[in-house]
Structure formats: structure tokens, C-alpha cells
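One structure below.
The values are calculated or read from the model by the stated rules, or taken from the named source; none is laboratory data. Here the structure is a predicted model, which is why all the values come from computation and not from measurement. Heads up, the Cβs are rebuilt from the backbone with ideal geometry, glycines too, and the neighbour counts pull from every protein chain shown.
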Amino acid sequence: MPDKTNELVMKIEAGARLSVEELAALYRCPVPQLAALATHRRERLNGKKVFYNRNFHLEPTNICVHNCVFCAYRRDEGAAGSWDYSIDELLAQCRRHAAPGVTEVHIVGGVHPRRDVHDYAALLRAVKQTLPQVHIKAFTAIEIDYMIKKAGMTLEAGLALLKENGLDAIPGGGAEIFDAAVRRRLCPKKGTAGVWLGVHEAAHRLGIRTNATMLFGHVENLEHRLHHLLTLRELQDRTGGFDAFIPLKYKSEHNALGRIGEVSVIETLRMVAISRLALDNIPHIKAYWPMLGKDVMQMALLFGADDIDGTINDTTKIYSMAGAGEQHPSMSVDELRRLVHDAGFEPVERDTFYNIINFSIHNS
Ligand code: V47
């Protein structure tokens, strides 16, 4: 083993922070060693626990003012394949999917040209009235920025309005890649990295917990990925408001970027491990199974991931429309637990805020 790697192993064992150069060196080290180092970090933070929840998604619309080249989901208003549900239709979906024990609804969709923060506050209020016991994790920072500007409000006032009406947490979407040049190629009209980071920072100030994502495996390189991770680490040092990081592998079907194909499973697993090693201050790394598939999700647990998201109940289309193997993502609690157990870990049910839910109580 080269000296440099020995030094890095010692740093990781001591729990020390890693620089961008050190992370780049680790990215290239042999796969079993990288898996072992990320596992060492995950065990310090989360022991053998792997978290999951009982959740479903609402996707109010796929009509979107943006036209990101990686997206297979967005449509113009009135175009074939577009949808735009009323609040009543969304409440009917809530009633259909809120089985006993469900603790979270994840609401995310396109940036609709005519909807403002008051429209979405009304949706949150209605969902909360219908499912008072369920946490609402809703709207990417990009949706939030647009809906608040549309109403002519300040970011703080708009976020406070959403919170008063039932917003409990914010998901990590819309981050893509923070590097300005890559972002311009991917999603030229969408909010900049500064917009995304500003919304999350303001949310953290208001006590709203959030997640973060990174879309990788398209036109970016390792330097861009590491810059993205360290930008998140820096914000987390200041606010402590992120609960989980989700590395999202680009899926190539039915979108304008498709000809570039997809990165390998090994590259995906290396990114999971590097995320765990870089983000020493974000407690959870999520292996999102509707995008990775069940097999790669299980492998990701051996590369530092400690969260697998939830039951989903076939309620999200973002990944299936981009060609994910899971065309109707849905898993029972028994299957989630078995997959975790078979990988050698302890399945633990959580709510949105990682409070542990006693499995035996819910199933008695
Ligand atoms: O920002 C869109 C990604 C994200 C593709 O916070 C694609 O718990 C791959 O953020 N290939 C939205 N990815 C979803 C999201 C998310 C998912 C799961 C959990 C959480 C959480 C958040 O989906 C977008 C974009 O980066 N995406 N198209 C595609 N072709």
C-alpha cells in the first residue's frame, strides 16, 4: 500500500477532515479499500443501522418553466403527457396512499409558470388537514425560489408562510451540480448554485431541516463533484441544517442528454463512498432505491450509505420516465427490512427527522 494511502487511512481512522486533494486520491484507490474506509466512517456515525421510512410522493404537475437537458419528466402546458392535478385530486391521492403507519409525504414537481407561494401554501394546508400525523417534506429549492418570487415576497417571508401552513422539511432536489459552467450546460434557465444554497440556508435559519442532492454521471468531472460536496460541507458547518445527502446517478433515457449513456455501477459506488468520506458533518447518506435499483442500493450499504428512503408505493415518476429499472417503485416494509438484513445491517424505521419508530408497536 503506498505511503500516501497509509496516511489517509490513519486520518480517516482518527476521524479527521479530508481535503479536496485527499478525496481525489481516495476516489482512485482500490474499490475494496474505499468500501472499507467509507464503512469505517459510517459505523462511527450510524453503527450498523440502516434507516427507512413509510412514505409516498405527490407530484402535483410536470409542467415546468425550465428545460433541463437531463430531465425526462417536464412537459409544456397542454402537451401530450403533461399533468396538473387540482388540490382535490391530490387529496384523493393522499387518502389512497396514506396506509396506517405512513409518516411522510414527499411533494415535488415541475416549476409551474402560474403558481405562486399562496397556491402551494393552500396545498400544504389541505394535505396537513387530511393527514395531520404525516410529515410534509416538500418542494425543491428551485420550486420554492420561483413560487416566492412570483408572489413578490422575500425569501424569509415566503418560507415562513410555507412553514405556517404545514411544511416540515425540504427535500434535496434541484442542486444538480453547483459549478457555474456545468450548470449552464445542464439547466441554463434554472436558479444558480447561489439560489439553491440561499434557500437552504434561509430554511435552516427558520429551523426547517433539509436534504441535499448531487446529480452526477453526465458532463461533469471529479473536480466538479468534489467542489459540490465541499460546498455542502461548508454550509453545513455554518448551519447544521442538513439531515441527509443523496448522490443521484444520471439516468439517460428519454432526455436530451441521453446519448452520453450512464456511468458504471463501480463509479456509482465510488461516489457513495466519497460522499460519506467528504461529508463528515452530514449524518446520513441515502441510497435512493427507485433510482439505483434494489441490487445497487444493497451494494451501496457496503460503501457508506445508511439510509434507503422508503416504501414509495409507486408514487414517483421522475426516475422511471428517465429509464430506471424500477418502473413502478414500491416496496413493502418486510422487503425493505429483508434487503437491509441480507446485506448485514440492522433495519431501523425512522420518521422524516430520523426519530426511530418502534417497528413492533406499529405492526402489533
Ligand atoms: O433535482 C431528474 C434528479 C432530482 C434525472 O430529499 C434525475 O429525500 C437522474 O431531489 N437521472 C429530484 N436524476 C429528486 C430529489 C430527491 C430524490 C429522492 C430523495 C430526495 C430527498 C430528493 O431528480 C432533481 C434531479 O437532480 N433527476 N432527472 C435523471 N434523468
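In this structure, LEU90 qualifies as modelled with pLDDT of 95 or more, in contact with a Leu (Cβ under 6 Å, 6 or more places away or on another chain) and either surrounded by fewer than 21 Cβ atoms within 10 Å (Cβ to Cβ) or in a loop (DSSP other than H, G, I, E, B) (or both).
Picking from residues in the stretch 206-241 that are in a strand (DSSP E or B) and not hydroxyl-bearing (Ser, Thr, Tyr), the one that is farthest from the ligand (Cβ to nearest atom) is ARG209. Against the criterion of being among the polar types (S, T, N, Q) and more than 13 Å from the ligand (Cβ to nearest atom), SER264 qualifies.
In the stretch 301-324, what residues are assigned to a loop (DSSP other than H, G, I, E, B) and without any contact (Cβ under 8 Å) to a residue 60 or more places away in the chain? It would help to see each step written out before you state the result.
To start, the set of residues in the stretch 301-324 that are assigned to a loop (DSSP other than H, G, I, E, B) comprises 304-306, 311-319, 323-324.
If the condition is that a residue be assigned to a loop (DSSP other than H, G, I, E, B) and without any contact (Cβ under 8 Å) to a residue 60 or more places away in the chain, then ASP314 is the only one that fits.
Just the residues that are under 20 Å from the mean Cα position of the chain (by Cα) and closer than 12 Å to ALA203 by Cα, please, taken from the stretch 140-161. Selection gives THR140, ALA141, ILE144, ASP145, LEU159.
Residues that are β-branched (Val, Ile, Thr) and surrounded by fewer than 21 Cβ atoms within 10 Å (Cβ to Cβ) within the stretch 146-181 comprise just one, THR154.
Only one of the numbered conditions (1) surrounded by fewer than 23 Cβ atoms within 10 Å (Cβ to Cβ); (2) part of a helix (DSSP H, G or I); (3) of a type in the set (Val, Ile, Thr) is not met by VAL102, and that is (2).
Between ALA244, ALA256, ALA287, the distinction of being within 11 Å of the ligand (Cβ to nearest atom) and modelled with pLDDT under 95 belongs to ALA256 only. Taking the stretch 105-190 as the region of interest, the helices (runs of 4 or more DSSP H) fully inside it that hold 1 or more residues being more than 13 Å from the ligand (Cβ to nearest atom) and closer than 17 Å to ASN55 by Cβ are 117-130. When the residues of the stretch 325-349 are filtered to those that are part of a loop (DSSP other than H, G, I, E, B) and surrounded by fewer than 21 Cβ atoms within 10 Å (Cβ to Cβ), the one that is farthest from the ligand (Cβ to nearest atom) is GLY344.
Scanning the stretch 61-76 for residues that are touching a Gly at 6+ places or on another chain (Cβ under 6 Å) and either of a type in the set (A, V, I, L, M, F, W, C) or within 12 Å of the ligand (Cβ to nearest atom) (or both) yields ASN62, ILE63, CYS64, ARG74.
Do we find a residue being under 21 Å from the mean Cα position of the chain (by Cα), in contact (Cβ under 8 Å) with a residue 24 or more places away in the chain and surrounded by fewer than 18 Cβ atoms within 10 Å (Cβ to Cβ) anywhere in the stretch 68-85? Give the steps one after another, and end with the answer.
Of the stretch 68-85, the ones under 21 Å from the mean Cα position of the chain (by Cα) are 68-74.
Next, only the ones that are in contact (Cβ under 8 Å) with a residue 24 or more places away in the chain stay: 68-74.
Subsequent filtering for residues that are surrounded by fewer than 18 Cβ atoms within 10 Å (Cβ to Cβ) retains 69.
Yes; the residues of the stretch 68-85 include at least one that is under 21 Å from the mean Cα position of the chain (by Cα), in contact (Cβ under 8 Å) with a residue 24 or more places away in the chain and surrounded by fewer than 18 Cβ atoms within 10 Å (Cβ to Cβ).
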